[in-house]
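The values are calculated or read from the model by the stated rules, or taken from the named source; none is laboratory data. Because the structure is a prediction, the values reported are computed rather than measured. Here the Cβ is made from the backbone with ideal geometry for all residues, glycine too, and neighbour counts use every protein chain on show. Note: areas computed on protein heavy atoms with side chains; ligands, DNA, RNA excluded. Shrake-Rupley method; radii C 1.70, N 1.55, O 1.52, S 1.80 Å.
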Amino acid sequence: MKLATLKSDHPDGRLAVVSRDLARYVTTPDIAPSLQAAMDDWAVAAPLLEGISNALNNGELDDACPLDTTLLASPLPRAYQWVDGSAYVNHVELVRRARGAKMPAHFWTDPLMYQGGSDSFLGPCDGIPVIDTAWGVDFEAEVAVITGRVAMGSTEDQAAAKIRLLMLVNDVSLRNLIPAELAKGFGFFHAKPASAFSPVAVTPDELELAWDSRKIHLPILSELNGTLFGRPDAGVDMTFDFAQLISHAAHTRELGPGTIVGSGTVSNKQNTEHGSAIADGGVGYSCIAELRMIETINMGKPSTSFMSFGDRIRIEMKDQAGLSIFGAIDQRIVEYRNP
């Protein structure tokens with residue numbers, strides 16, 4: 001089952017069931033007006049939505065409409081909880097090594113996680129609004145899950161059973177603001193503006209054998225200005241899987257239905273110590289910062305710039321047949337003007 005949210009006057013949008021080929025959709029106001037409403041009553045709503053999905057995919061619904069992803073909000077336009085991990089520790093090690101910092105050993109056993117702003121997410125085709133590109137605008141291609149209610153202190157197996165939906169993320173980062181914020185010892189804030197999520201969120205069964213109940217075993221594709229920038233496999237070098245991340249997030253609190261948990265930047269070590277660019281025969285990177293780290297390590301300083309106004313990032317994941325699973329996050333950097 002694939003679910004999307006149409007933009008509307010309501011901040012939670014209108015829930016839509018989308019066909020497997022991402023071509024058509026139907027709205028479901030009688031079942032749930034929004035995805036959050038469906039998450040709040042998942043046991044009742046999910047089977048009904050699944051019935052609509054089956055009928056839609058079988059061509060049985062005459063009222064289905066063509067899907068235009070530019071009219072979509074993120075599946076959850078806002079959420080009660082958005083927490084992002086850093087499950088690919090290779091990425092963390094690279095960032096720290098480039099600035100000459102030794103990585104603590106416990107980073108390999110204790111997940112990093114931050115709590116992001118969740119009052120308003122960007123739609124998958126919305127511009128990324130920025131006041132000043134000197135802030136160092138970067139994309140981060142990630143995978144995320146949406147959970148049901150997770151009890152405080154849940155084990156990893158209990159956490160895995162609460163995964164309801166999966167989607168892709170562009171976790172926008174303002175890299176040049178990060179060092180000063182981290183130096184305060186209180187975490188990210190200004191450096192992490194609104195994130196964007198894929199056009200649709202999908203139930204795990206849509207991934208078939210690529211989903212092992214804890215990880216997705218498929219490449220995540222990032223194109224920067226029309227050129228393939230990265231294709232690392234989301235199931236490779238994921239030090240902490242989603243069951244571990246959810247359990248970690250629920251260590252001292254209950255997670256409400258509709259909680260979004262992100263994987264952090266997908267990163268593979270590949271055949272070199274830390275990875276290589278597409279042009280060098282590697283699988284590339286899921287953010288510009290990682291390439292800049294490699295350049296710094298190898299040449300003493302970075303040569304690749306962060307994003308400028310007008311630059312375009314496209315993030316997507318395809319199945320074994322080459323078909324898009326989640327639809328594409330397709331965004332440009334735009335200058336923000338205070339209304």
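Oblate is the label for the range 121-212. Its Cα gyration tensor axes, ordered a ≥ b ≥ c, give a/c of at least 1.5 and b/c at or above a/b.
When the pairs 2/269; 215/318; 7/269; 102/301 are compared against a 27 Å limit on Cα-Cα distance, 2/269; 7/269 fall above it. The heavy atoms of residue 109 offer some 110 square angstrom of accessible surface to a 1.4 angstrom probe.
With all protein chains in place and ligands, DNA and RNA left out, the 1.4 Å accessible area ranks 96, 20, 78 as 20, 78, 96, largest first. Around the Cα centre of the range 162-316, unit charges on the Cβ atoms of Lys, Arg, Asp and Glu (plus for the first two, minus for the last two) sum to a dipole of about 480 debye.
First compute the accessible area of the range 1-123 with a 1.4 Å probe, then give the percent of it belonging to carbon and sulfur atoms. Provide the component values of the computation, followed by the final result.
Details: 3000 of 5850 Å².
Looking at the range 1-123 in its full context, I get 51 percent from C and S.
Based on Cα contacts under 8 Å between residues 6+ apart, the chain shows a relative contact order of 22 percent. Solvent-accessible area of the range 134-206 (1.4 angstrom probe, protein heavy atoms only): carbon and sulfur portion equals 61 percent.
Per residue, the accessible area of the chain comes to 44 Å² when a 1.4 Å probe rolls over the protein heavy atoms. Net charge of the neighbourhood of residue 37, taken over other residues with C-beta under 14 Å away and scored Lys/Arg +1, Asp/Glu -1, is -1.
For the pair residue 205 and residue 252, the difference between a 0.36 nm per residue extended length and the Cα-Cα distance amounts to 13.9 nm.
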